[in-house]
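Below you'll find the structure, written out as C-alpha cells, and then a few comments.
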Number of protein chains: 2
Amino acid sequence: MKDHKKTRLVEVRTKILKENDVVARALRQRFEDEGVYVVSLVSSPGAGKTMFLEQTLMRLRDQYRVAALVGDLATENDAQRLARTEVPIRQICTGTVCHLEAEMVRSALGEWATQELDFLFLENVGNLVCPASYDLGEALRLVLCSVTEGEDKPLKYPTIFNTADIAVITKMDLADVVEFDRAVAHHSVQSVRPGMPVLEVSAKTGTGMDAWIAALSSRRGTPRACGVVKS
Amino acid sequence: MKDHKKTRLVEVRTKILKENDVVARALRQRFEDEGVYVVSLVSSPGAGKTMFLEQTLMRLRDQYRVAALVGDLATENDAQRLARTEVPIRQICTGTVCHLEAEMVRSALGEWATQELDFLFLENVGNLVCPASYDLGEALRLVLCSVTEGEDKPLKYPTIFNTADIAVITKMDLADVVEFDRAVAHHSVQSVRPGMPVLEVSAKTGTGMDAWIAALSSRRGTPRACGVVKS
C-alpha cells in the first residue's frame, strides 16, 4: 500500500474514533447523571460471556434493577437466552461490524428508561481485538478468557487487556481437564497490566460468582431503591 | 455518524479491499506457478489453531516439504512453539491489525524459496470476523471452532464460514465434558453453508487427524518430489 493511502486511512479511522469518543463521553455523562452503573464485557467468541452474564443477572435481579444490551453480528440467540433471566434485554445486530460502537449503544438504548436502572450490561461482539478501540461510555470493562483458550492470551492480545479494568478467567470447572496453569495465566495478565484484578469463575458450577457479585456491588455502592424492585 | 462520513469510510475500505485482492490474486498465481499448496487457518483466539497446525506439520513433514507463516498481534509464541516441528516457520506481528492481509503475506515471504515447498500454511490472527474480508491467495481456507465455544458459532459468525472451504471442530476430546451436541453443531454449519465439509478432530489425542491429512493430501495431489525431502 502506498504511503499517502495509508495516511488517508489513518485519518479516516482517527476521525471515526474521535466521533466515537464524543458519543461515549456523552453516554458516560448520561449514565453518571442517571445513576446507572454500566459494565461491558469483551472476549473471544465462545469464552462464555453470555453464560457469565446470565448468571450475573440471575444473582443481581432480586436486589437491583438490571438490564442488558447484547451485540452480535447475526442472530438474536444471546438475547433469547438471556430473556430467561426475565430482565429487560435488547439485541444489537452489527451485521459485518466486528465490535460495538458508542453510537450503536446510544441508538439501541432509544427510549429505554435507563435512569430507572442500577446496572446496565453491554455484551460486546466476540472479538479480542477491535473492541479495544471503542469506548462505550461504560464505568467498568471486563475482559473474559476461558481456561480452554490457554494461558497466553494477555500476551497475544495486550491492547484489549490494557483497556479493561478486570480480567475474568471463565470455565474454571474445566481447568483440570485442560491442564490450565493458573500461575502462568496470572503472570501473563500481570506482565501486560501490572496490578490488574483477576477473577476466576465458573458460571456453570457457581465457583467465584459470589466474589464477583460482591466486587461488583461494592463498586456500584448501595442500591438507590430501598425496597426490592424487580424488572 | 453522518451519512457522507459513512460513505467516505466505505469508499476507503473498498479501495483497501480491492488493493488486497490485487495482491492476493498475484500471490495465488505465484503459488500455482510454483506448485505450492497454500492452506490458511482462521478461528477465535484459543480455538486450537497452533496445536492443530503443529500436529499437521508433524504428520506431513516426512513426506512433504512444508512451512508455515503465523500471524499474531504480539509475541512470537506461536512461531517458537511451531519451531519444535523443525519445519521452517516465520512470524508476522500485526501490531494492532486484527487480521492478516495479502501484502503482509507477500512481504513476510520475502526471499523464501516457496517454489521448493509442497505445502505452505498461513495461521491468521485469532479473530472470527475481520479475516473474512481478506483473501490471502490461499488454495484452501479452514475455519476452526472448538467444542468449548458451543454449537452456534456458524450462526453468529456466518461470513467467515462463507469464505472458508472446510469447517474443523477442534478439541473433540473435551466434547463429553462440555456436553457438546454434534448434531446441533453440524446443523449450524449446514444452515449457513449447505454442503460444507466438516471435520472433527482432537490434535491432542490424534482423533480425526489421519482423516484430515488424507483429505489434505488428496486435495494437494501427489508430492512433486519422488523421494523424501525433509525441510
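Annotations
- In the set (1) under 23 Å from B:D165 (Cβ atoms); (2) crowded, with 20+ Cβ neighbours inside 10 Å; (3) without any contact (Cβ under 8 Å) to a residue 40 or more places away in the chain; (4) away from chain A (no Cβ under 13 Å), the condition left unmet by B:M58 is number (2).
- Checking B:L41 against (1) at pLDDT 95 or above; (2) part of a helix (DSSP H, G or I); (3) surrounded by 15 or more Cβ atoms within 10 Å (Cβ to Cβ), the condition it does not meet: (2)
- Every listed requirement among (1) touching a Leu at 6+ places or on another chain (Cβ under 8 Å); (2) surrounded by 19 or more Cβ atoms within 10 Å (Cβ to Cβ); (3) at pLDDT below 95 is met by B:S133 save one, (2).
- Complete set of residues in the range B:164-198 that are more than 12 Å from chain A (Cβ to nearest Cβ) and at positive phi: B:G195
- Residues of the range A:205-216 that turn out to be surrounded by fewer than 17 Cβ atoms within 10 Å (Cβ to Cβ) and part of a loop (DSSP other than H, G, I, E, B), as a count: 3
- Test result for A:E179, more than 17 Å from the chain's Cα centre (by Cα), in contact (Cβ under 8 Å) with a residue 60 or more places away in the chain and farther than 23 Å from A:V38 by Cα: no
- Within the range A:132-158, being under 24 Å from A:A26 (Cβ atoms) and at the interface with chain B (Cβ under 10 Å from one of its Cβ atoms) holds for A:A132, A:S133.
Table: residues versus (1) buried (at least 24 other Cβ atoms within 10 Å of the Cβ); (2) more than 15 Å from the chain's Cα centre (by Cα); (3) more than 9 Å from chain B (Cβ to nearest Cβ).
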position	(1), (2), (3)
A:R65	no, yes, yes
A:V70	yes, no, yes
A:Q115	no, yes, yes
A:N162	no, no, yes
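- Flag if A:P154 is surrounded by fewer than 21 Cβ atoms within 10 Å (Cβ to Cβ), more than 24 Å from A:E54 (Cα to Cα) and not hydroxyl-bearing (S, T, Y): no
- Segments classed as helices (runs of 4 or more DSSP H), wholly inside the range A:69-172, with at least 2 members that are out of contact with any Ser or Thr (no Cβ under 6 Å at 6 or more places or on another chain) and in contact (Cβ under 8 Å) with a residue 12 or more places away in the chain: A:77-82, A:102-109, A:158-163
The values are calculated or read from the model by the stated rules, or taken from the named source; none is laboratory data. Predicted, not measured: the structure shown is a model, and the values here were computed from it. Note that each Cβ is placed from the backbone with ideal geometry, even for glycine, and that neighbours are counted across all protein chains shown.
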